[in-house]
Amino acid sequence: MKSKKLLISLTVVAIIVVVIVVIAAVLTVKKIDVVYHGFDGSAIAAPQEGIATDEILSAYKGKSIVFLSKSRLLSELNEKYTDWHAFAVVKHFPNEVEIHFVVSTAIAKFSAGGETYYIDSFGYSAPQPNYDVIDVSSAFSGQGLEVKSNELGKEFQFQSAVCNSRLKCVVQSVLATWQCQVDIDEMSQVLGDGGNVFLFNENGDLIISPKTGGKIVVQSPETDLSERLINAYGVYYNSTQDVQKDNVTITVYKNGRITSSAE
C-alpha cells in the first residue's frame, strides 16, 4: 500500500514538473516588436536607421516573459540606443514583447562648472542639438552645481537633491509650454534666454518670467505642475485679460486656483 501511494506521489510530482517545464518553454520571449513615436507621441514609420530588433531579440530570446523586468529592459535599451528613448514595454503573452521608442529630443540647456549640458524631454542627458534650445541655468542660481551623472542614455543628475527636484520641474515646465503650441526651438523667443526665465524663491515656488512681461508664480511646483501651468498660460494668453505687463503676477496655488494682481 505504501509503495502504491509513493508511486502515485511520484507520478503527481512528475506531472507537475512536466507542466512547469512546458509552461516555462511556452512563456519565453520569441518575438520582439518595436513601435516608433515622434516627439509629439504619435506613431511613426520605422526609420531606415532604426533600432536593431534582431539584436534585441537575440539578447532576450528564451528568457521568461513572466520574470522579464520592464524597468531593467528599458534601462539597458536606453544606454544602448541613445538616439532614441525607450519609454514603455508591453508584454503580450505568451511570448511577445512590444517596446515603444520615442526620438530623443534635447529641450533645454544649462551651465554648470563651466560646462554646458543638454537634457531631453525625459530629463536624460542629450548631445548638443543642431537647433536652439532654451537656457534654464537661472533655475539653479544660488545652488552648488556639482554634476553626479551626465551619460547619454541615462538620467542627468546633480549631486544636490534640491537641484534634481528643480530640474524635474524645469523639464515639466518646458513641456507644458510646448503643449501650449510653442515649438522647442522657439521657446527662448517666448520665454527669453538666460537671465531669470526660471527662478525659485525662498519658499520653493517656481517663478516663470515670459519675455513679454509679467510673471507666473507656481506654488508647490512638485505637485501637478504641468496641468496647473497650462491653465496659467491660459490666463496669461487670454486676449480678454490685460495681464501681460511687467507689474502683473499670476499666482497658481497648489489646489489649482489662479489669481492675477498688479504690484
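No value in this document is a laboratory result; all are computed from the given coordinates. Keep in mind that what you see is a predicted model, and the values were worked out from it rather than measured. So basically every Cβ, Gly included, is an ideal-geometry build from the backbone, and we count neighbours across all protein chains shown.
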Of the listed peptides 62-70, 134-142, what is their order by residue-averaged count of other C-beta atoms within 10 Å, with the highest listed first?
134-142, 62-70
Total formal charge among the other residues, if their Cβ is under 14 angstrom from that of Asn203, Lys/Arg +1 and Asp/Glu -1:
-1
Taking other Cβ within 10 Å of each residue's Cβ, how do Ser58, Ser121, Ser75 sort, fewest first?
Ser58, Ser75, Ser121
Cα-based convex hull, region 127-263, per residue volume (Å³, whole number):
116
Relative to the present Cα-Cα distance, how much length would full extension add between Gln241 and Gln159 at 0.36 nm per residue of separation?
25.3 nm
Chymotrypsin sites (Phe, Trp or Tyr not before Pro) within region 200-263, DSSP loop, no more than 15 other Cβ atoms inside 10 Å
Tyr237, Tyr253
Considering only Cα-Cα distances, which of the following residue pairs are longer than 27 Å: Lys31/Lys80; Lys70/Lys109; Lys61/Lys109; Lys30/Lys168?
Lys70/Lys109; Lys61/Lys109; Lys30/Lys168
Per residue of the chain, what 222 nm ellipticity follows from adding -39500 (n - 2.57) for every DSSP H run with n ≥ 4, rounded to the nearest 500?
-9500 deg cm²/dmol
Contour minus Cα-Cα distance for Asp205 and Glu96 (0.36 nm per residue)
34.7 nm
Taking Cα atoms only, Rg over Rh for the chain with Rh from the Kirkwood formula is 1.17
D_trans [Stokes-Einstein, Kirkwood Rh over alpha-carbon pairs] for region 32-80, 25 °C, 0.890 mPa s, µm² s⁻¹:
199
Taking Cα atoms of region 71-113, Rg/Rh with Kirkwood Rh, to two decimals?
1.15
Expressed in nm², what is the orientationally averaged projection area of the convex hull enclosing the Cα positions of region 66-178?
8.1
With only Lys, Arg, Asp and Glu charged, each at its Cβ (+1 for the first two, -1 for the last two), find how big the charge dipole of the chain is about the Cα centre; round to the nearest 20 debye.
1860
